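Rule-based calculations on the coordinates, nothing more; no lab input. What you see is a predicted model, and the numbers here were worked out from it, not measured in a lab. Note: ideal-geometry Cβ built from the backbone for every residue, glycine included; neighbour counts use all protein chains shown.
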Amino acid sequence: MKIKYISLVLLALLSTACEESFLEQVPVTERSEVNFYKTTADFNNAVVGVYATLKNPGLYGGGSGALFSMSEIITDNTDLGVTRQPVNLPIFEIDDYLITISNATVGAAWTGHYLGIARTNAILDRLPATTIPQASKDRFEGEAKFMRAMFYFNLVRFFGDVQLLTSEVSSPYGANDLPRSPAAQVYELIVNDLKAAEEKLPATIANAEAGRASRWAAKSLLGKVYLTLKQYDNAAAKLKEVVDSKAHDLMPSYASVFANTTSFAANREVIFAVQYLSGQIGQGSDMWSNWAPFNAGTVLLGTGGGGGGGFNRPTADLVKAYEAGDVRKDASLLTTYKNAQGRDVADAYVVKFRQQGALNADSDVDFPILRYADVLLMYAEALNEQGKTADALPFLNQVRKRAGLADKTGLTQATMRLALEDERRVELAFENHRWFDLLRTDRYMTVLTAKGLKVLSHQKLYPIPLREIDLNKKLTQNTGY
Amino acid sequence: MNSDFTSRIRKRTWLLLMLGLAVFLTAHAQTTLTVTGRVTDETGQSLPGVTLLLKGSSNGTTTNAEGIYRLSVPAGNAVLVVSYVGYLSQEVVVANRSTIDVQLTPGDKTLGEVVVVGYGTQEKKDLTGAIASVSSKDIQKLPVSGVDQALQGQVAGLQISQSNGAPGGNTNILIRGIGSISGGNEPLFVIDGYPVTNSGIGNPLNTINPNDIESIDVLKDASSTAIYGSRGSNGVIMITTKRGKAGKARIEVDAYTGFQQVAKKLDLLNTRDFAQFVTEGRNNGYLDNVATGKVTDPNSVRPNSYQIPSILQGDLSKLPDTDWQDVIFRTAPIQNYQVSASGGTDKLRYALSGGYFSQKGIIISSGLERYSFRLNLDGKLSDKLTVGVTMLPSFTKIDDVSAIGHSGGAVVQAALSLPPYVPVYDANGNYTITYQPTEGDIAYPHPVQLANELQINGTQFRLFGNAYAEYEILNGLKFRSTVGADLNYSKNRRFDPNTYNPVSVLTNATATNSEATNWLTENTFSYKKQVGRHAVDAVVGFTAQNAYANSIQAQATRFPDNLIDNINGGTVNAGSEGTTVHTMLSYLARVNYSLNDKYLFTATVRRDGSSRFGADNRWGTFPSASVGWRVSEENFMKGLTFVSDLKLRASYGLTGNNAIGDYRAIGQLRDANYVLGNALAPGLGRSSFTNSLLGWESMKQLDLGIDFSLLNSRVAVTADYYDKRNTDMLFSIQTPSATGLTSALVNLGEVQNRGIELALTTRNTVKAFKWTTNFNITFNRNKVLAMSAETEKIFSSALGRQVYAVTQVGDPIGSFFGRRMIGVFQTNEEATTYGKQPFAKAGDFKWEDINNDGRIDDNDRTVIGSPHPDFFFGFNNNFSYKGFTLDVLTNGMVGQKIFNSTFSINTSGVQNQIQEAFDNRYVSPTQPGNGVYGRAIRGSRNNNTVFSSAYLFDGSFLRIRNVSLGYNIPTSVVNRLRLGSARVYATATNLFTFTNYNGFDPEVSGSGDDVRAAGLDFGTYPQARTITFGINLGF
């Protein structure tokens, strides 16, 4: 009988002593929300997480991202040089102007941008209450607001009215009834965020921090926002600040702007860019191998360089758009390559982001989002729209001169508009500007239909993704879809 | 009341209950007497190893080598139950006799058979739950690496499909259908009472030698599984290993060896047909995509994709006709050796074995090897104290080959795709270069080179050990304590040289070391008592279990050469460590009560606490109840002598599924790294919501069953109807992107599995020629009843295919989802008239406009078929005559569809294709094909290769799974050879399959265990046909 009682006591001990703690298990090799957002390092990691959103497939990452399809392929600049297969159907839908409400590329863009916005909101919610040094606090706030503005600016241009969130959603059901806010309200937030960002962000970025946002990035973006809003005086004033600061300048050689051999310190032209790094650590760029001709193979891309994706293929129309003697042409695209037998194959492709010898999807070439040539041309546009065509002309010619082209002279406001449109097309080709330029000037129907492209007028906005409407009955669809 | 206090109260209540029950159960004591005797067979020969059990208790013994037993029983009306495999059980009233000899008669063994249930055993006749048993004899008929493969077709309600033919490849095991959408669907495996967690390399059941298994019991309904609480809802498979029986030492040697070959090769195009196919595909694509194109245009003006290789425009008769299947498949040996010894006295019994199994794969460079050992000891230290141990060490080694998936990195699809005009080796005997294509062809890895040079190896050491001590506190009342551990150490190594595809592969290597340790302690009181007409059998217990898993991985790249085939040869560029811990505490209780041996009642309850569940929902309670009525024991049935047994059963209960993953209730952050200052910058972003209420999935199951046997048990039938409702499922709801996350884990939704199972055993002839038939059939209907929203669709795919499956309300989980092909356009006019497919031409697929908007796009997708069978069955016949035995096992599935993606991807005039698709394709209005296959076209503007019903094929099959012929060498010869017994046998496995399916094998699933994307055939590792010869010697 003794053993019985002993065992009962043992059983009782075993079951009471450690029950709750025994069942309390937290991740030991993964970070959880429990202990995060405390130190400067925590916030820094969170800000890096915001920048990392640039490599989301909805922006620039994972097969070169959704942005090139939605802002280059949809235009007369490029098409999809891939053999048609179901897997690339979403991009062909954009190329063919047959965009459906369930288009996966459009859906990815929506999701990717909101992911970035959520990450900025998580930081901005928590910053006021922290005790980290004020300088860090200011900078993180500036960076988060700059990035949030950029995400919303893309969204509002692609989709029009969008859901406006300025703080983190902690419940899965927290956005189920959130309707779209008028575009004007979204722009208000963008402008306010950028105004705060230009105050809080530093004027210079140390080499060790290359890739972080500067004051000039905020001002350039704000200038672009004003230009889009047709607030030309504000735009001109803001862009003038960038020009007058002399913080940035054109690089003497067009090709060196994109060369991975140009260091951050030396590259005065790039104001803000997606940062890439080779080394098979998931941080390389795929713009070279992905945009090389479909199935080009080793002769072009080298051992381990990939097969060639054929995405973002320059159209014949774009090839023609370069004036004779324009040095930017060969630095931007080529029209033939040699196959393994040494024969020429006629297939145009982008060489702007070429890095010979890079491994497949692993090149170092950064992708500019804002650069000085864009600022100059925007500034010229803002001045011209205010009727100051003569004042605008030198900035246009500054860009042309670097391209090895003669100055333009004797332009009227109307011909200046066309000259800027053409100049932006070739100067900024494959940098995701063309569609926004044509929308800003409301010329997308005129320009594209003249070239036989079957764009429809309602396609100035992309459809709100079906997935989102299914989850939220308050979301309305854009007209025409 | 705070929650801490509540839980303490809860705890105390449980303890009090258990203590009270224990004290109550110990309240009796009786005097004993010792009975001895001899047990013989029908001819008077002694029977060693016969089990004698005091009825209504777990007190028992077995006969020794001379058939003698000795057992203490309580004075009075004690009844001995004498049972032995293959003989009718007998019940003998002791009536205060001290010597009782028993003669057993051979016969139906099923009723007296002891069935292993959770935390105990029961006689089959007393069962009220739905439990099916498979004996070692039925498992060992098949020469397979894992017991799961041997169970195929043997048990009603148990659906096993071997989705991967690789040695040690994955099998899908489902008991009564797919219960969970996002959680695990695999049943709980319990080895000698120990619920194990599967881990390690390949299929974890490979680490257990099937020859070490004595019996398998499949627990299907809630009554039998609720004792496993939050792990019971997918059913439980109880594996019992062989233990020693008192008696003379018995040594057995079992050996078989044989060979395997691919069961079916595909009929692919030869070079002449291929050239025709390519020319058509490229020309059609060219004309459709390039407005100015003409068929006569030379390659120099065509885009790359539409060029026709010059070699195919020359003299085809000079080109080889390579069937690449011939070089990746081989005849592969299989062998198995095992030596085992067992025996002992009534004080100490032992069973031990050592085995070696080796199976080469039918695809070159694949195989499995296993060394396994078993040591089972049971010692009776005193009349009251018994101790025992189970030890199952094993070492498994897998040589893997990248077989499955896209041709870019897998052997099978590469072999099926490569042009037949390409020779395997060049003039110098080197591998032909296949990765530098020109003129519109595409790159492939050379399949032979890929198989030989890409190295994927794994090893696993598993030590499963469990020890118990059982003390009889009072007559009928026992305390049992077990402590066990399941230790797994595995290693995976991968070396990928850039030799077979330097275009996109850079030499890289990965090394992973993993450890999974699991410990368990269980403490139970059991009580067995019969008083007059009342018999009670109860168990209460407490268990604690901890599962720890850790894995460390390192990757290297930038290899200067390929001389060192491990991470040390390059620069290590990534490494990671992952650890998870899962803990469980449980209280359990069961009472079986029978009245007059006619009316049977069982009630069980288990309470589980698990670290996986959210902080606010940590404990779940899982009750069940069942009743049985042995109608045949009623007086009014006594006249019906043709009825040997008749029992009605009903059960209802609640079980759970805790396979929701670790830490899922806790909001986590994930790496979101970036580059700053030209260096990697670590960043973080939220990756999941916190849900402190996240818990188990709840399964309510009703089971109605009938067991009856007729004509002196010549015919035995078990039939069950079940209705399972899984609610509060682990559910990844879609969340608006505006939240920053696109999904969240919550408990919701409902899935139903309803079905009928029927198992029929007939002993057709019983004289010198014996013929037994086992037939089982299962009809299961799976249906999603509720999700977060009526319109919600979970899309799924596998192996990088486009979406082909949907899970939505009203349909089975993972239904095929795509466009409905309603024909092939016969003329361009027909396509234009249809008007809904702007780019369609003659020969393109015509799809139904599901949403009637005048345009065919992704919004015209609908459910177009199910990957799940309407029913599946096993039909097994055993014949014996004198020393000969013949076993024929067949099984089949009917009604399921398969997405043949191999065929769909190869329809463009680029890859090779099956002859059937070539012969029946659309060419022109005068050569329209059979209306199922469209035209060959590359880059179809109509997007013909979009997933549609055109690529679904009927997967019904009937398979002759196993034919085994054995011969027991006559005793006279055996004795002369000084052997105890000797048997020789020959086995043919997967002998023939009747099916209309056009792929390798209809038993296929490219998605592995992901049931939401089942039914995909895409570069599958095909099944083998195996012929083996074996010998079994006893000493």
**Asked** Which value at 222 nm does chain A reach when only helices count, each DSSP H run of 4 or more adding -39,500 (n - 2.57), with the total divided by all residues and rounded to the nearest 500 deg cm²/dmol?
**Response** -14000 deg cm²/dmol
**Item:** aspartates and glutamates whose Cα lies under 15 Å from that of B:K347, excluding same-chain neighbours fewer than 8 positions away
**Value:** B:D378, B:D383, B:E470
**Message:** For the range B:296-387, report the % of Cα-Cα distances exceeding 19 Å.
**Reply:** 72 percent
**Message:** When the expected Rg is taken as 2.2 N^0.38 Å, what fraction or multiple of it is the alpha-carbon Rg of chain A?
**Reply:** 1.11
**Message:** Order these by the 10 Å Cβ neighbour count, fewest first: B:E453, B:E515, A:E381.
**Reply:** B:E515, B:E453, A:E381
**Message:** For q values of 0.15, 0.20, 0.22 Å⁻¹, compute log₁₀ I(q)/I(0) with the Debye formula on a Cα-only model of the range B:496-627, without solvent.
**Reply:** -0.84, -1.09, -1.18
**Three-way shape call for the range B:825-868 based on the alpha-carbon gyration tensor, with the a/c threshold at 1.5** = oblate
**Complete:** Per-residue average of other protein chain Cβ atoms inside 10 Å, peptide A:171-178 -> 6
**Prompt:** Per 5 Å bin, what percent of the C-alpha pairs of the range B:312-451 does each bin hold, from zero upward?
**Reply:** 2, 8, 13, 13, 11, 8, 7, 6, 6, 5, 5, 5, 4, 3, 2, 1, 1, 0, 0
**Request:** Can you pull the one-decimal nm distance between simple spin-label points at B:F1029 and B:D326, each 7 Å off the Cα toward Cβ?
**Result:** 2.8 nm
**Asked** Classify the range B:648-774: rounded, prolate or oblate, from the alpha-carbon gyration tensor (a ≥ b ≥ c, eigenvalue square roots; a/c under 1.5 rounded; otherwise prolate if a/b is larger than b/c)?
**Response** prolate
**Request:** For the range B:854-980, state the average projected area of the convex hull of the C-alpha atoms over all orientations, rounded to one decimal in nm².
**Result:** 14.3 nm²
**Message:** Tell me whether the range A:392-451 comes out rounded, prolate or oblate; compute the Cα gyration tensor, take square roots of the eigenvalues as a ≥ b ≥ c, and use a/c under 1.5 as the rounded threshold.
**Reply:** oblate
**Prompt:** In what sequence do A:M70, B:M637 fall when counting other Cβ within 10 Å, fewest first?
**Reply:** B:M637, A:M70
**Prompt:** Can you list the lysines whose alpha carbon is less than 23 Å from that of B:K397, not counting same-chain residues fewer than 8 positions off?
**Reply:** B:K360, B:K491
**the range B:475-593 - percent relative contact order, Cα under 8 Å, separation 6 or more** = 27 percent
**Fill in**
By Cβ neighbour count within 10 Å, fewest first, B:T40, B:T735 rank B:T40, B:T735
**Request:** With everything on Cα atoms, drop me the angle between helix A:389-402 and the longest principal axis of chain A, reported from 0 to 90° to the nearest 10.
**Result:** 80 degrees
**Request:** For the range B:124-281, state what percent of all Cα-Cα pairs lands in each successive 10 Å bin, counting from 0 Å until the bin that includes the largest distance.
**Result:** 9, 32, 28, 15, 9, 5, 2, 0
**Asked** Could you give the Stokes-Einstein D for the protein assembly as shown in µm² per second, using the C-alpha Kirkwood radius, 10 °C, 1.306 mPa s?
**Response** 44 µm²/s
**Asked** Between B:A341 and B:F871, 0.36 nm times their residue separation minus their Cα-Cα distance comes to what?
**Response** 186.6 nm
**Message:** Using only DSSP helix segments of four residues or longer, with each worth -39500 (n - 2.57), what per-residue ellipticity at 222 nm results for chain B after dividing by its residue count and rounding to 500?
**Reply:** -2500 deg cm²/dmol
**Request:** Kindly work out what percent of the DSSP beta bridges joining two residues of the range B:897-1027 are antiparallel, to the nearest 5.
**Result:** 90 percent
**Prompt:** Over the Cα atoms of chain B, Rg to Rh with Kirkwood Rh, two decimal places?
**Reply:** 1.00
**Complete:** At the level of C-alpha centres, the distance separating the range B:347-376 and the range B:950-1005, in angstrom, is 20 Å
**Asked** How well do other chains shield peptide B:491-504, expressed as the mean number of their Cβ atoms within 10 Å of each residue Cβ?
**Response** 3
**Fill in**
the range B:718-734 and the range B:134-183 have their Cα centres apart by a whole-number Å value of 21 Å
**Asked** lysines within cross-link reach of B:K529: Cα-Cα under 17 Å, excluding same-chain residues under 8 positions apart?
**Response** B:K55, B:K384, B:K478, B:K598
**Request:** Output the pairs from A:K473/B:K836; A:K320/A:K451; A:K195/A:K474; B:K137/B:K770 with a Cα-Cα distance over 22 Å in this structure; if there are none, say none.
**Result:** A:K473/B:K836; A:K195/A:K474
**Message:** If you split all Cα-Cα distances of the range A:287-365 into 10 Å bins from zero, what percentages do you get per bin, shortest first?
**Reply:** 21, 52, 25, 3
**Asked** How much net charge surrounds B:L693 when only other residues with a Cβ under 15 Å from its Cβ are counted (Lys, Arg +1; Asp, Glu -1)?
**Response** 0
**Asked** Other chains' Cβ within 10 Å of B:663-673 residues: what's the mean?
**Response** 6
**Fill in**
Calc'd 3J(HN,Hα), the range B:228-241, phi into Karplus 6.51 cos²θ - 1.76 cosθ + 1.60 (θ = phi - 60°), Hz, glycine/Pro = x, comes to 9, x, 6, 10, x, 6, 8, x, 10, 10, 8, 10, 10, 8
